[in-house]
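Asker: Pasting a structure here, questions to come.
Readers should treat all values here as calculations from the given coordinates under stated rules, not as data from a laboratory. Keep in mind that what you see is a predicted model, and the values were worked out from it rather than measured. All Cβ positions, glycine included, derive from the backbone under ideal geometry; neighbour counts span all protein chains shown.
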Amino acid sequence: MTDITHLGFLTDEALRLRPDRPALLQDDLILTFADLDERAARVAGWLNERGVGVGDRVALLWPNDVRFVESWLGVMRAGAIAVPLNIRQSTETLGYILQDSGAVGMLVGDELATMASDLRPALVGADGFVAFNGDVLAASPLREIPQVSEGDVCMQPYTSGSTGRPKGVLLTHRGQIWCADVGRKCFMVDETERALLAVPLYHKNAAVTLKNFLLAGASCVVLPGFEPAAVIKAIDQYKITYMGGVPAMFRMLLADTDSLARHDVSSVRFATAGSAVVTPDLLDEFTRVFGAPIGESYGLTEGGPDVILSPRWGVRKLGALGLPIPGCEVKLVKPDDDTTEVAAGTVGELLVRNPGVTVGYHNLPEVTAERIRDGWLATRDLMRRDADGYYYFVGRKDDLINVSGENVYPREVEEVLLRHPAVRDAAVVAAPHPVKGEVPVAFVVLTRPGALSAEELIAFYHQNGPHYAYPRSVTFLDAMPLSGTGKADRAALTALAAREASSASIQ
């Protein structure tokens, strides 16, 4: 167990043992653990000079850049609460988040100066500040750290889930350090590992990797975004040992055969995928090309974030998310009765309790009371577990499609479609129907254009899945639209399905 109790000092163990080893790398910039510590201390000093202290909220408006990390750590070292912003959201949404959080200022990447100027009126008070990296790093390092307790809130990321306005998730120092410590142990991360981060740093997927690897004294390589050729080149250049993503991203890497032919990717030791099923063909092809396995995982911002992981070594089950992480309690309950647990093999809503679970939703006592009871978080995710205790994701309660009284789980329909060798990616959403209320429709990316017709794919589904759940239409796409976190953009696909339903007859 680590002795670190303050997330702002996440790197203290590595700083003491290996200060000159790289912590963060991006392009020509290499920050050692000593460099990162100094820069985070200067951020904290700048904030302290301006009166920012314990409990104040400071927003982070950054593209994917290692300087996001020093700002993130520095805010917490000043005793304040970091509010990372999703730069892909609209100005209206970001303005709401700033107002709701009560942010007193923003630390901003130079590239986002115009966006920051537009958002400045949403900051609290006339003294709300917008600060850029160069100005902040000119400050003196803060050495007298404000007193905060392990149970104090250190981060307030916002999650919108699938409905409603964004909600501020209150995460504590104790909970986030616990999650990082358990995560590094589950993945057996040591100082020899090097992670690639091509997903947004403001999102939990990247934040989990950052915490696990930096706590372990390992390195993280940051890319500005996910672009297959750049990712493959970076694996070779930096000798990456680990990367995370979603299956669609791994499929895009495998499709870039030209880049794979030019670069050595044999340094990869393991990878994790979330948000969608890892099919047998994807697992086989990735293992063949990269020489490493893909393990599935599950987490959510307010849940730890990590909850369930596939073992890095040991028994893996295709399609299974894995096993609950040590110290994390989970149970499946009836979706309409959270007091009654369901048996193995039965679909239920996942409830989670661990030290990393959010202590509540900012300024939303009713939502907090609804979602968290006796420390148990109702995730609104539907799963089943097998006799060995492995968990399988079925879908979101909010994504459940009710077809004339029959429950259709999009993921289960997607898994059937993905069995067809001509299907590279698939997403299923609901479309309105005049008689049945709603029906499933599919959006599909093929291995090559014209490899399959919609009628042939629907016929394949009928041979392999329940009739009531078959996709009433299939739309072929050149590429699956992805959200800012690399998942299939279900909101965009649902809107497209509604437009198509209004202009055509769906069976």
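Asker: What does the helix-only formula give at 222 nm for the chain: each DSSP H stretch with n ≥ 4 adding -39500 (n - 2.57), the total divided by the residues, and the result rounded to the nearest 500 deg cm²/dmol?
Answerer: -9500 deg cm²/dmol
Asker: When we measure straight from the Cα of Lys487, which lysines land under 25 angstrom away, once same-chain ones fewer than 8 places off are left out?
Answerer: Within the straight-line cut-off, Lys487 pairs with Lys167, Lys204, Lys211, Lys233, Lys317, Lys397.
Asker: Give a residue-ordered list of calculated ³J(HN,Hα) values for segment 392-402 (Karplus: 6.51 cos²θ - 1.76 cosθ + 1.60, θ = phi - 60°; whole Hz; x for Gly, Pro).
Answerer: Karplus-based 3J(HN,Hα) across segment 392-402 equals 10, 6, 10, x, 7, 4, 6, 8, 4, 9, 9 Hz.
Asker: In percent, how large is the relative contact order of segment 342-430, given Cα pairs closer than 8 Å and 6 or more residues apart?
Answerer: Result for segment 342-430 is 23 percent.
Asker: Shifting gears a bit: Report the label-to-label distance for Val124 and Leu477 in nanometres (one decimal), using points 7 Å from each Cα along the Cα→Cβ vector.
Answerer: Each label point is offset 7 Å from its Cα along the Cβ direction, giving 3.9 nm.
Asker: Taking the Cα centre of the chain as the origin and placing charges on Cβ (Lys, Arg +1; Asp, Glu -1), which of Cys220, Val52, Ala501 is farthest toward the positive end of the dipole?
Answerer: Ala501
Asker: How are the C-alpha pair distances of segment 358-447 spread across 5 Å bins, as whole percents from the shortest bin up?
Answerer: For segment 358-447, the pair-distance distribution reads 3, 12, 16, 15, 16, 15, 13, 8, 3, 1.
Asker: When a footprinting reagent is the concern and you count Cβ atoms within 10 Å, what order do Met249, Met106 take, fewest first?
Answerer: Met249, Met106
Asker: Label point 7 Å out from Ala422 along Cα-to-Cβ: which residues of segment 439-466 have amide N under 17 Å?
Answerer: Taking a point 7 Å out along Cα→Cβ of Ala422, the residues of segment 439-466 whose backbone N falls under 17 Å are 442-464.
Asker: Over segment 290-427, what number does the Rg to Rh ratio reach, with both radii from the alpha-carbon atoms and Rh per Kirkwood?
Answerer: Computed over Cα atoms, the ratio is 0.99.
Asker: Out of the chymotrypsin sites (Phe, Trp or Tyr not before Pro) in segment 309-377, which ones are loop residues according to DSSP with at most 14 other C-beta atoms within 10 Å?
Answerer: Trp313
Asker: Report for segment 93-194 the percent antiparallel among DSSP-assigned beta bridges with both residues inside it, nearest 5. List each step's numbers first, then the result.
Answerer: Values: 4 of 8 bridges.
About 50 percent, rounded to the nearest 5.
Asker: Still on this structure: Among the DSSP beta bridges whose two residues both lie in the chain, what percent are antiparallel, rounded to the nearest 5?
Answerer: Antiparallel bridges make up about 60 percent of those DSSP assigns within the chain.
Asker: I'd like the FRET efficiency for Glu191 and Val435, computed as 1/(1 + (r/R0)^6) with the beta carbon distance as r and R0 of 60 Å, rounded to 0.05.
Answerer: 0.45
Asker: Going from the alpha-carbon gyration tensor of segment 400-503, what semi-axes, largest first and in whole Å, does one get by taking the root of 5 times each eigenvalue?
Answerer: Values for segment 400-503, descending: 20, 17, 13 Å.
Asker: Kindly list the residues of segment 293-307 that lie in the label zone of Tyr96, defined by a backbone N under 20 Å from the point 7 Å along the Cα-to-C-beta vector.
Answerer: Answer for segment 293-307: 301-302.
Asker: Averaged over every viewing direction, what's the projected area of the C-alpha convex hull for segment 307-355? Give it in nm², one decimal, please. Kindly include the intermediate steps, with their values, before the conclusion.
Answerer: Details: hull surface 16.5 nm².
Directional mean of the projected Cα hull area for segment 307-355 stands at 4.1 nm².
Asker: Sort Asp386, Asp374, Asp37 so the one with the fewest other Cβ atoms within 10 Å of its own Cβ comes first.
Answerer: Fewest-to-most Cβ neighbours within 10 Å comes out as Asp374, Asp386, Asp37.
Asker: Run the simple label-point estimate for Thr339 and Asp12 please: 7 Å along Cα→C-beta, distance reported in nm.
Answerer: Here the modelled spin labels are 4.4 nm apart.
Asker: Once you charge only the Cβ atoms, +1 for Lys and Arg and -1 for Asp and Glu, what is the size of the charge dipole of segment 7-91 about its Cα centre, to the nearest 20 debye? Before the final figure, lay out the partial values.
Answerer: Values: 10 positive and 12 negative charges, 54 e Å.
Here segment 7-91 has a charge dipole of around 260 debye.
Asker: Now a separate question. At 7 Å along the Cα-to-beta-carbon direction for both Thr5 and Glu366, put a label point, then send me their distance in nm to one decimal.
Answerer: That separation, rounded to one decimal, is 3.8 nm.
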